[in-house]
C-alpha cells in the first residue's frame, strides 16, 4: 500500500499473523513496526515522527538506511589503492553516516508486495566524496515467524568502501513509553572497540571482562549506564561496537527483552560487529508519533555492520568492495513474547 505525498511515499507490509511495518521511500525510513506483546496487544516498537516532513529535517537517522558508510571515518578521508579520497566532514572534522546527504536522505525506488519490498538506489561516482557508481538493493521482509529481515546487496564500477545498516531506534515497551533502562540485554561478544573522545576507533580491541560493557550474561541496560568507565563517559552512555568472529553465515548476536510487555527481540546477522547505542543525544527536542518528547535512554539501537573507520584501520575486517564483487549482508530482528 502506498500513499502519495508531495515528496515522500509511505508503504506498508504485513504478515499473516498481524505484524506490520510502514516505511518511507525517503531514506527507506522505517516509521512504524507493530508487534504483539504477551497479551497479543500490538504496539509500535520503533521511534519516529507523525509528520513525514519531519524526516527531511535535521534528525538522528530515525529508522533510516545508513550509507555509504555507517559509523565515523576519521578526518573524513581514506586511502584506497594509492589514491586518497576526501569525504564530507559532517561530524566535526570527521565523516558520519555517509556525509551531509547520505542514503538516509535519498529517495529510494520501491517495488512492494504484501510482505516484502525491494528498495533500490544508485549512488553516483563522487557522491559525498566516495568513488564508484554504486548500485544498492535493500529488501525488507516480514516472515511468518514475526521476523523483520533486511537483506543488503550492492555492486560498484570502481573500488570503493561500503558499510550499510538500518538505524531503527527500538523501545519494546512501545514508542514513547519511557526509558529502556529496564530492558534486559544480552550481547554474545567478549570484545569491544576502544574509541577516543570523538568516538573514533583507536585501533585497539578491548576485552569486556570485568567492565560495564560486558553483556554476555543478561543484565538490564540501565544497571551500569552511569559507570565512570572512560568508554561510557566518552559516549555519555552506550555507543559501542561489539565484535564477532563472523563466518558470513547468519548467527545470533544479541537479545533484548522488556519485562513489562514480555516482548523480546533477537538479532541475527552475517556482519562482523554490532553497534549498541542508547539514544544518548536525544534531548527532548524531538516529539514522536505518540506526541511525547524523546529523551536520553528512551530507545536503543542494535545495528549489525562493519566497524567504524575500517578504511583507515588495516587490522579491521575489510569494507572494500571492488568491481566484479557483490556486497551481501543480512540482518534479522526476530520478535517473540515471554509470559510476564
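The residues on offer are 339, 289, 329, and the sole one that is closer than 23 Å to residue 146 by Cβ, crowded, with 17+ Cβ neighbours inside 10 Å and at pLDDT below 95 is 289. For region 24-48, the set of residues classified as surrounded by fewer than 16 Cβ atoms within 10 Å (Cβ to Cβ) and outside any loop (DSSP other than H, G, I, E, B) consists of 42 only. Can you spot a residue in region 49-67 that is crowded, with 16+ Cβ neighbours inside 10 Å, over 21 Å from residue 286 (Cα atoms) and out of contact with any strand residue (DSSP E or B) (no Cβ under 6 Å at 6 or more places or on another chain)? Yes, because at least one residue in region 49-67 is crowded, with 16+ Cβ neighbours inside 10 Å, over 21 Å from residue 286 (Cα atoms) and out of contact with any strand residue (DSSP E or B) (no Cβ under 6 Å at 6 or more places or on another chain).
Across region 138-179, the number of residues qualifying as surrounded by fewer than 17 Cβ atoms within 10 Å (Cβ to Cβ) and part of a strand (DSSP E or B) comes to 1.
Checking region 109-127 against the condition returns a match, with at least one residue being buried (at least 17 other Cβ atoms within 10 Å of the Cβ) and in a helix (DSSP H, G or I).
For residue 316, the conditions (1) over 15 Å from the mean Cα position of the chain (by Cα); (2) buried (at least 17 other Cβ atoms within 10 Å of the Cβ); (3) within 26 Å of residue 62 (Cβ to Cβ) are fulfilled apart from (3).
The residue of region 76-93 that is modelled with the lowest pLDDT, among those that are in a strand (DSSP E or B) and surrounded by fewer than 20 Cβ atoms within 10 Å (Cβ to Cβ), is 91. Of the residues making up region 226-251, those that are under 20 Å from the mean Cα position of the chain (by Cα) and either assigned to a loop (DSSP other than H, G, I, E, B) or exposed (fewer than 14 other Cβ atoms within 10 Å of the Cβ) (or both) number 9. With respect to residue 73, is the statement that it is crowded, with 23+ Cβ neighbours inside 10 Å, touching a residue at least 24 places away in the same chain (Cβ under 8 Å), touching a strand residue (DSSP E or B) at 6+ places or on another chain (Cβ under 9 Å) and farther than 30 Å from residue 197 by Cα true? Spelling it out, it is not the case that residue 73 is crowded, with 23+ Cβ neighbours inside 10 Å, touching a residue at least 24 places away in the same chain (Cβ under 8 Å), touching a strand residue (DSSP E or B) at 6+ places or on another chain (Cβ under 9 Å) and farther than 30 Å from residue 197 by Cα.
Taking region 204-225 as the range and being within 16 Å of residue 307 (Cβ to Cβ) and surrounded by 14 or more Cβ atoms within 10 Å (Cβ to Cβ) as the test, the residues that pass are 205, 206, 208, 213. Taking residue 199 as the residue in question, decide whether it is buried (at least 16 other Cβ atoms within 10 Å of the Cβ), touching a residue at least 12 places away in the same chain (Cβ under 8 Å), on the phi > 0 side of the Ramachandran plot and touching a helix residue (DSSP H, G or I) at 6+ places or on another chain (Cβ under 9 Å). The answer is yes for residue 199. The residue pairs whose first member lies in region 203-220 and is on the phi > 0 side of the Ramachandran plot and touching a residue at least 12 places away in the same chain (Cβ under 8 Å), whose second member is surrounded by 17 or more Cβ atoms within 10 Å (Cβ to Cβ) and in a loop (DSSP other than H, G, I, E, B), and whose beta carbons are closer than 7 Å, counting only pairs six or more residues apart or on different chains, are 203/313.
The values are calculated or read from the model by the stated rules, or taken from the named source; none is laboratory data. None of these values were measured; they are calculated from a predicted model. Virtual Cβ from ideal backbone geometry, glycine too; neighbours counted across all protein chains shown.
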